[in-house]
Amino acid sequence: MDFDDYRAHDATGLAKLIADKEVSAAEVMSAARERAAAVNPHINAIVRDVPVASGDTPGVPFAGVPFLIKDLAQDYAGLPTSSGSRSLMTTRAPEHATVVQRWIDAGLVIFGKTNTPEFGAKGITEPVAWGPARNPWDLGRTPGGSSGGSAAAVAAGIVPCAGANDGGGSIRIPAACCGLVGLKPGRGLTPSGPATGESMHGAAVQGVVSRTVRDTAAMLDVISGGEPSAPYVPGMPDSLFASYVGADPGTLRIGVRVPTSINPVPHPEAFKAVEATVQTLTDLGHHVEELPQAPFDDAALARDFLLTWFVYTAWELAEAKQRTGAGDESFERDTLVLAALGRATSSVDYVAAVQRRHEHTRRLTSYFESYDLLLTPTLATPPPKIGEFDLPVALQRGADLLLKTRAAGLLRHTKFVDDMVEKNLTWVPYTQLANLTGRPAISLPLHWTPDGLPLGVQFVAPLAGESRLISLAAQIEHAMPWADRVAPLHR
């Protein structure tokens, strides 16, 4: 199987070829490995090899299809899960994560783990541990984060679909940066165990990035459902998610919002992305209405998101130190600063921020009494350049001094947090809403800039709205096909 034939099929298509014995699993894996050898040195997407089984597992949906998992919260028994951190590079997982076991049971052949920022704490993938992952559409730009390695691998044609997870946009941001489909399931639908009941109070969930809606839907069927160690049993749809691909979504009422409090004037290409989508939705018969203001307090939500993220980072750092005996030198400067801000947050302030999630959820629920979906850009700007978010040298020295004197927590009482909101969320102000409210959301690759850079659009759905998102996404995919677009790295 040559690369052009391999790239022409999504995971569902490859599975059918293997099941029909038109090609062997070994031939498909050989094509994936050859592609990885050719392009991974340029994009740094795969950071760890995984020993593979034969791939000959008839009767399961994805028997023999090559697959990659993220090196964060997707444990593979016997191998380290580095979480992008030097502190965890040699700490081996005792068992498979539930989501990984479900992929294996579905016949997927996992042969590598993908790059991620330290503890998944950034919307870019530039860890000190592994070096930056690069975007196949422009090697000088980020593939997004924190599932940036997985998205880069799919966009570069190494695999048609790869494991990802999302605690603040980490599926949708890289999907938008790399021209892919990225569905964040609703809270609790996919498993976090067995080591964790639910991650980040349910804000972080498991999923994939892929080239096609049907792969995204079929993969959701594979991994959805509760587990014995879960905190609750999720509600499941009456039919398989894959059955909604091609199903009529009906006439939908969709509200549109582009400006945000964090970024009142997004990049013109973000507006163009939404405008093109609105035209297509209108042509398809849907009712689309521009919203005069956001249906939630996006500035307050951003502050609550960051505050809880600081505390969670502090816990992750402390837990890694306890497991490994690592010192501060094993962690990145930015991670140490975030953790210091988390430790400086009072328990009362932290619980208050978590409790306010219900306020954000109620506001969004009120919005969904009048509308079926919310439409926004996924990114407020095109994908940033590698290194764009590095601290200036003067601030690096200041941060090092504060860390050395154990005074970094004092930054919480300065403009530093507001500056962090502006610097780190200005280009991605749209994705955190779905995480804090636990609602499903999907990014679709519906726009490319004149420079050839992807810039996705996002749909947010009400509770249990995954099926609606899938049926609409498939309808749009038919009207505005994208799977045949090829990143320059292919050429």
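The values are calculated or read from the model by the stated rules, or taken from the named source; none is laboratory data. Everything quoted here is computed from the prediction, not taken from an experiment. Cβ coordinates were reconstructed from backbone atoms using ideal geometry, including for glycine residues, and neighbour counts include every protein chain displayed.
Name the single residue that is farthest from the chain's Cα centre (by Cα) among those in segment 225-248 being within 30 Å of His358 (Cβ to Cβ) and buried (at least 21 other Cβ atoms within 10 Å of the Cβ).
Ranking the qualifying residues of segment 225-248, first place goes to Tyr244.
If you check Thr376 against the conditions, is it at pLDDT 95 or above, part of a helix (DSSP H, G or I) and of a type outside the set (Lys, Arg)?
Taking the combined requirement at face value, the residue does not satisfy it.
Any chance you could count how many residues in segment 355-404 are touching a helix residue (DSSP H, G or I) at 6+ places or on another chain (Cβ under 6 Å), hydrophobic (A, V, I, L, M, F, W, C) and within 30 Å of Gly438 (Cβ to Cβ)?
Result for segment 355-404: 3.
Where the second residue is at pLDDT below 95 and aliphatic (A, V, I, L, M) and the first is surrounded by 20 or more Cβ atoms within 10 Å (Cβ to Cβ) and lies in segment 189-202, which pairs have Cβ atoms under 7 Å and are six or more apart or on separate chains?
Pairs found: Pro191/Ala230.
Suppose the filter is buried (at least 16 other Cβ atoms within 10 Å of the Cβ), over 29 Å from Thr365 (Cβ atoms) and either in contact with a Ser or Thr (Cβ under 8 Å, 6 or more places away or on another chain) or not aliphatic (A, V, I, L, M) (or both); does His267 pass it?
Yes.
How many residues are farther than 28 Å from His42 by Cβ, buried (at least 24 other Cβ atoms within 10 Å of the Cβ) and touching a strand residue (DSSP E or B) at 6+ places or on another chain (Cβ under 9 Å) when one looks only at segment 99-115?
Total satisfying the criteria: 1.
Would segment 229-248 turn up any residue that is farther than 30 Å from Pro194 by Cβ, among the hydroxyl-bearing types (Ser, Thr, Tyr) and not in a loop (DSSP other than H, G, I, E, B)?
No, segment 229-248 contains no residue that is farther than 30 Å from Pro194 by Cβ, among the hydroxyl-bearing types (Ser, Thr, Tyr) and not in a loop (DSSP other than H, G, I, E, B).
Return the residue satisfying two criteria in turn: it lies in segment 336-391 and is free of Cβ contacts under 8 Å to residues at least 40 places away in the same chain and among the β-branched types (Val, Ile, Thr), and of such residues it is surrounded by the fewest Cβ atoms within 10 Å (Cβ to Cβ).
Per the criteria, the residue is Val348.
Of all residues in segment 21-50, which are free of Cβ contacts under 8 Å to residues at least 24 places away in the same chain and either of a type in the set (Val, Ile, Thr) or farther than 17 Å from Pro160 by Cβ (or both)?
Residues satisfying the conditions are Lys21, Val23, Ala37, Pro41.
Being without any contact (Cβ under 8 Å) to a residue 60 or more places away in the chain and over 26 Å from Met1 (Cβ atoms) narrows it down to one of Arg92, Arg102, Arg86, so name that one.
Arg92
Mind checking which pairs have a first residue in segment 267-281 that is in contact (Cβ under 8 Å) with a residue 40 or more places away in the chain and a second that is assigned to a helix (DSSP H, G or I), Cβ under 7 Å, 6 or more apart or different chains?
Thr280/Ile476; Thr280/Ala479
Is there any pair with a first residue in segment 475-491 that is more than 21 Å from Ile158 (Cα to Cα) and a second that is at pLDDT 95 or above and of a type in the set (S, T, N, Q) whose Cβ atoms are under 6 Å apart and which are 6 or more apart or on different chains, and what are they?
Between residues of segment 475-491 that are more than 21 Å from Ile158 (Cα to Cα) and residues that are at pLDDT 95 or above and of a type in the set (S, T, N, Q), the close pairs are Ala479/Thr280; Met480/Thr280.
Under the condition of being part of a helix (DSSP H, G or I) and touching a helix residue (DSSP H, G or I) at 6+ places or on another chain (Cβ under 6 Å), which residue from segment 285-302 is nearest to Gly120 (Cα to Cα)?
Looking at the filtered set, the residue picked out is Ala302.
Could you name every one of the helices (runs of 4 or more DSSP H) located completely within segment 303-368 that has at least 3 residues being closer than 18 Å to Lys423 by Cβ and not polar (S, T, N, Q)?
Correct list: 333-343.
Give the residues of segment 422-465 that are among the β-branched types (Val, Ile, Thr) and surrounded by fewer than 24 Cβ atoms within 10 Å (Cβ to Cβ), sorted by residue number.
Thr426, Thr449
Does segment 32-45 contain any residue that is buried (at least 16 other Cβ atoms within 10 Å of the Cβ) and touching a Ser or Thr at 6+ places or on another chain (Cβ under 7 Å)?
Among the residues of segment 32-45, at least one is buried (at least 16 other Cβ atoms within 10 Å of the Cβ) and touching a Ser or Thr at 6+ places or on another chain (Cβ under 7 Å), which makes the answer yes.
Return the residues of segment 312-335 that are more than 25 Å from the chain's Cα centre (by Cα), surrounded by 14 or more Cβ atoms within 10 Å (Cβ to Cβ) and basic (Lys, Arg); say none if nothing qualifies.
Within segment 312-335, just Lys321 meets the criteria.
Cβ contacts < 6 Å: first residue modelled with pLDDT under 75, restricted to segment 399-418; second residue of a type in the set (Phe, Trp, Tyr), any location; separation 6+ or different chain. Result?
So the pair list comes out empty.
Quick one: in segment 62-75, which of the residues that are assigned to a loop (DSSP other than H, G, I, E, B) and either among the polar types (S, T, N, Q) or over 19 Å from the mean Cα position of the chain (by Cα) (or both) is surrounded by the most Cβ atoms within 10 Å (Cβ to Cβ)?
Only one residue fits best here, namely Val65.
Conditions tested, residue by residue: (1) within 19 Å of Asp71 (Cα to Cα); (2) not charged (D, E, K, R).
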position	(1), (2)
Asp10	no, no
Ala15	no, yes
Ala25	no, yes
Val28	no, yes
Ile46	yes, yes
Val52	yes, yes
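Restricting attention to segment 250-271, which residues are more than 17 Å from Leu374 (Cα to Cα), outside any loop (DSSP other than H, G, I, E, B) and out of contact with any Pro (no Cβ under 9 Å at 6 or more places or on another chain)?
Correct list: Pro268 only.
Of the conditions (1) among the basic types (Lys, Arg); (2) more than 24 Å from the chain's Cα centre (by Cα); (3) not in a loop (DSSP other than H, G, I, E, B), Arg406 satisfies every one except a single condition; which number is it?
(3)
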